[in-house]
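A short write-up of the structure that comes next.
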Amino acid sequence: MAAPFLCQFRGYGLHMSWIVPILILLAAFVGIGVWRGRQFGDLARRGMPVTGRVVRKFRAENVDISGSRSRRLAFTYTGPDGREYRRAASVTIGKWAEYEEGSAIALICLPDDPGVSAPAWLVDLAREALAKKGRL
């Protein structure tokens, strides 16, 4: 590892070696955010509407900053390739209350990569943001 080696020569010892894993985690977090943001951009520009079915409402085990568990909807849909896909999305408490298991849900998926999808209302928000920036 380069960081502990550099820290030892500057008199820090191993006291600064914790920074390397933190930087790696931060880079991974930013990378995932950029990747998903690009997917939403593609969905906003090229996505096609499909109708899915909510198969499960659940609370995720991960706890957010406020200390509560996020609300998620799991849904299935048939892509333009005829295959069935199952995905899940985090939703607000209002959307959580709006859907029941077995109800229809409007989705947007990519025609050339139907496994990439999101609820239509989230893609609409991405479209609005892209339109404001002139990138739609």
Cα-based shape type of the range 38-135, given that a ≥ b ≥ c are square roots of the gyration tensor eigenvalues and the cut on a/c is 1.5: oblate
Reachable lysines, given that their alpha-carbon falls under 17 Å from the alpha-carbon of Lys57 and they are not under 8 places away in the same chain: Lys95
Under 5 Å between amide H atoms, partner at least 5 residues away or on a different chain: which partners does Glu101 have, H built in plane at 1.01 Å? none
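Determine, for Lys57, Lys133, the number of other Cβ atoms within 10 Å of each Cβ, and report the residues in order from fewest to most.
On the way: Lys57 16, Lys133 8.
The fewest-first ordering by Cβ neighbours comes to Lys133, Lys57.
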Going Cα to Cα from Lys132, which aspartates and glutamates come in below 19 Å? Please leave out same-chain ones fewer than 8 positions away. Asp42, Asp124
Calculated from backbone phi, Karplus (6.51, -1.76, 1.60) coupling profile of the range 108-121 in Hz, x at Gly/Pro: 10, 10, 7, x, 8, 8, x, x, 8, 8, 6, x, 4, 5
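Every read-out reported here was derived from the displayed coordinates using simple, explicitly stated rules and does not represent laboratory data. Just so it is clear, the model here is predicted, and its values are computed rather than measured. Counting neighbours? That spans all protein chains shown, and the Cβs are built from the backbone with ideal geometry, glycine included.
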